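Working notes, beginning with the structure itself.
The values are calculated or read from the model by the stated rules, or taken from the named source; none is laboratory data. Note that the structure is a prediction, hence the values are computed from the model and not measured. Don't worry about glycine lacking a Cβ; one is built from the backbone with ideal geometry, like all the others, and counts go over all protein chains shown.
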Amino acid sequence: MPTESLPVPVTSPARRPRIAGVGRVLVVIYAILALGAFGRSLVQIIQQFDQAPLAYTLSAVSAFVYIVATVALVARGAVWYRVAWITISFEMVGVLVVGTLSVVAPELFAHASVWSYYGVGYLFIPLVLPVLGMIWLSKNRPVRGEIVADTDGSPAGTASGTPPTTTPDNAQ
Amino acid sequence: MIEWFSYAQIAVAVLAGVFCLVVGFSGRIPNDYTLGATALIEVLLVIQFVVALLAPAFGNDARGDVLEFYVYAVSALLLPAAAVFWALIDRTKWSTVILGVACLAIAVMVFRMNEIWLVQNV
């Protein structure tokens, strides 16, 4: 029987994934933007870094932040939740500050970065995405403690002979 | 790149993208039609990639930045494949929406590739 051979204590909490429903689409759009920003900054830095060091450094930093934000949205737990807030806030500030600077001081950002002119080169997605991300985060706070396991962990707990509350220790 | 082929590719990607979005928002999990449409986009991208590799040998050189072009081309090849992979694992309607998002992203990327090849540095 498969139920006997499974490493039950490890899988027993039957964890709900952190990202479900429409949030998954958000993650995918973040991933696409991360890919685009990374590819573009790679090209810029390889070929013409000395032409606009500030803009291209920012491109690279923003690419890195988008990658971290994508991971933080997928990963579970309170720490990643905080990382998601920090990175998404950074993006929001970044697109507003760099967008404004590219309008008032174009000589600084004459060369394209993800955030120049509020992300016009990326269909304004960099401007809209942090807002959607923050809405998503505020609606999906991480569940505190291990109480989650009690709701659906009872069959696994009886099968392994241990109460569900001890499963996190057994998993290690 | 061949201009008419690129435009045809963009048109097909937009149609496939809208189709997947509509089917997805109507609540259906990924099926043969939506996965097939995304797979078609991937096939067209592979053809485009081969065309781009061979074109310079026939006197059709990129006017723009070749490195930038291939960063787009390789990224584009990854996207529909990743979306289909996701759709096979995560059997929810949102995976269908994701297929649509990927197809629309491809349309934008092919448009950019076309610009780099035909318009940039003219």
Checklist outcome for this item: Residue hits (the stretch A:102-124; among the aliphatic types (A, V, I, L, M) and surrounded by 17 or more Cβ atoms within 10 Å (Cβ to Cβ)) are A:112, A:114
Checklist outcome for this item: Condition set under 23 Å from residue B:82 (Cβ atoms) and at pLDDT below 80, scope the stretch A:17-69, selection nearest to the other protein chains (Cβ to nearest Cβ): answer is A:21
Checklist entry - If you check residue B:70 against the conditions, is it without any contact (Cβ under 8 Å) to a residue 60 or more places away in the chain and facing another protein chain (nearest Cβ under 10 Å)? => result yes
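Per-residue answers, yes or no, for (1) more than 11 Å from chain A (Cβ to nearest Cβ); (2) at pLDDT 95 or above:
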{"site": "B:36", "(1), (2)": "yes, yes"}
{"site": "B:39", "(1), (2)": "yes, yes"}
{"site": "B:85", "(1), (2)": "yes, no"}
{"site": "B:94", "(1), (2)": "no, no"}
Item to check | Residues that are touching a residue at least 60 places away in the same chain (Cβ under 8 Å), farther than 30 Å from residue B:61 by Cβ and of a type in the set (D, E, K, R), drawn from the stretch B:1-35 | outcome: B:28
Checklist entry - Among A:73, A:108, A:129, which is touching a helix residue (DSSP H, G or I) at 6+ places or on another chain (Cβ under 7 Å), farther than 26 Å from residue B:86 by Cα and in contact (Cβ under 8 Å) with a residue 24 or more places away in the chain? => result A:108
Checklist outcome for this item: Note on residue B:117: of the conditions (1) surrounded by fewer than 21 Cβ atoms within 10 Å (Cβ to Cβ); (2) out of contact with any Leu (no Cβ under 7 Å at 6 or more places or on another chain), unmet is (1)
Checklist outcome for this item: Within the stretch B:101-111, residues being touching a residue at least 12 places away in the same chain (Cβ under 8 Å) and facing chain A (nearest Cβ under 9 Å) number 4
Checklist entry - Filter the stretch A:37-60 for residues that are touching a residue at least 24 places away in the same chain (Cβ under 8 Å), part of a helix (DSSP H, G or I) and out of contact with any Ser or Thr (no Cβ under 7 Å at 6 or more places or on another chain); which is surrounded by the most Cβ atoms within 10 Å (Cβ to Cβ)? => result A:38
